[in-house]
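Derivation of every value follows stated rules applied to the coordinates shown; laboratory data play no part. Owing to the predicted nature of the structure, the values given are computational and were not obtained by experimental measurement. Here Cβ is always computed from backbone atoms with ideal geometry, including for glycine, and neighbour counts include all displayed protein chains.
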Ligand code: GLN
């Protein structure tokens, strides 16, 4: 269903969100597992809304690039579905995990098949699928190329400092990949697969670029900027369904309760949220909740969805 959205009303809501968030003292805790994230200024806040008519509306630090981290899992999932279709669901489940994003506990019970493509284990599995028959460098290039095409912006890059730091500290991800390999569910060498995963997490994008890149999910699978079909409408619906149920890890239920939009978070403080039929929304505030989701980003989306009447329910 398309929501009507007069530009002045939307802009007023975005400006209001920015001034409300600027006044907030409790801003959550910035991810500190790698220096490039620990050093990010927690006072920053940006928001961008890309409408299906191709217009983009922004407020705050909407053009500042940040590390998209796990938001990249939406794009790698879309690519993998394009390559292997529904066969992907033999390699990874589609149930919410109820556990932390980097948890290993379910993997033993489920014999190396991750619960869903958005927890780390699942995204590593998706990276394994994308790597088939390629060198890590080629797969990384393919993901970046795809995201640039979606956003219609060739200035998007991978931050090499973040990628290197992910590799230097990613022992848990190494454990997850090795564990899956021990069950025989990962095809490629863990080190190669993780090379892809760490680089996709290190993509740097602004809210404007991210909202543009997510536009196809709001527009029945068609890129609103080019008019070209990215995925079939049914696939866009299904990706949105997984975002709604699994996009915020063990905070997914609370996010659906408060915001009511399919969305995906990352520990860089970014969230991509989709209002099917109308808008792709990107918000960024680096301070995180206990579950590793942007604290103010979630509050801002709750405010915006209420004020604009934007919820899928
Ligand atoms: N690079 C992070 C990790 O692998 C991504 C996690 C996230 O954004 N939730 O731990």
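Tell me what the chain gives for mean residue ellipticity at 222 nm when only DSSP H runs of n ≥ 4 count, each as -39,500 (n - 2.57), the sum divided by the residue total, rounded to 500 deg cm²/dmol.
-14000 deg cm²/dmol
Points 7 angstrom from Cα along the Cβ direction at residue 4 and residue 182: gap in nanometres?
Between residue 4 and residue 182, the simple spin-label model gives 6.0 nm.
Is the range 1-150 rounded, prolate or oblate when judged by the Cα gyration tensor, a ≥ b ≥ c being the square roots of its eigenvalues, rounded requiring a/c under 1.5 and prolate requiring a/b larger than b/c?
Cα axes put the range 1-150 in the prolate bin.
Could you give the distance between the Cα centres of the range 194-220 and the range 93-124, to the whole Å?
Here the two parts' Cα centres lie 21 Å apart.
Let me know the shape class of the chain, please: from the alpha-carbon gyration tensor, a ≥ b ≥ c as square roots of the eigenvalues, rounded when a/c is under 1.5, otherwise prolate if a/b is greater than b/c, or oblate.
prolate
Would you mind ranking 90, 167 by Cβ crowding within 10 Å, fewest neighbours first?
By the 10 Å Cβ count, ascending, the order reads 90, 167.
For the range 182-246, what's the relative contact order in percent, using C-alpha pairs closer than 8 Å and at least 6 residues apart?
19
Determine, for 174, 71, 231, 193, the number of other Cβ atoms within 10 Å of each Cβ, and report the residues in order from fewest to most.
Listing 174, 71, 231, 193 from fewest to most nearby Cβ atoms yields 174, 231, 193, 71.
So for the range 106-175, averaging the separation of alpha carbon pairs under 8 Å that are six or more residues apart and normalising by length, what relative contact order in percent results?
Relative contact order of the range 106-175: 17 percent.
Could you give the length gained by full extension between residue 254 and residue 312, i.e. 0.36 nm per residue of separation minus their alpha carbon distance, to one decimal place?
This chain segment gains 19.4 nm when fully extended.
For 166, 39, what's the fewest-to-most ordering of other Cβ within 10 Å of each Cβ?
By the 10 Å Cβ count, ascending, the order reads 39, 166.
Taking the chain as a Gaussian network, Cα atoms linked when under 10 Å apart, which of 134, 57, 248 shows the biggest mean-square fluctuation?
Looking only at 134, 57, 248, the biggest GNM fluctuation is shown by 134.
Give the relative contact order (percent, whole number) for the chain; include only Cα pairs under 8 Å separated by 6+ residues.
27
Any chance you could give the angle, 0 to 90 degrees and rounded to 10, that helix 171-183 forms with the longest Cα principal axis of the chain?
Around 50 degrees separate the two axes.
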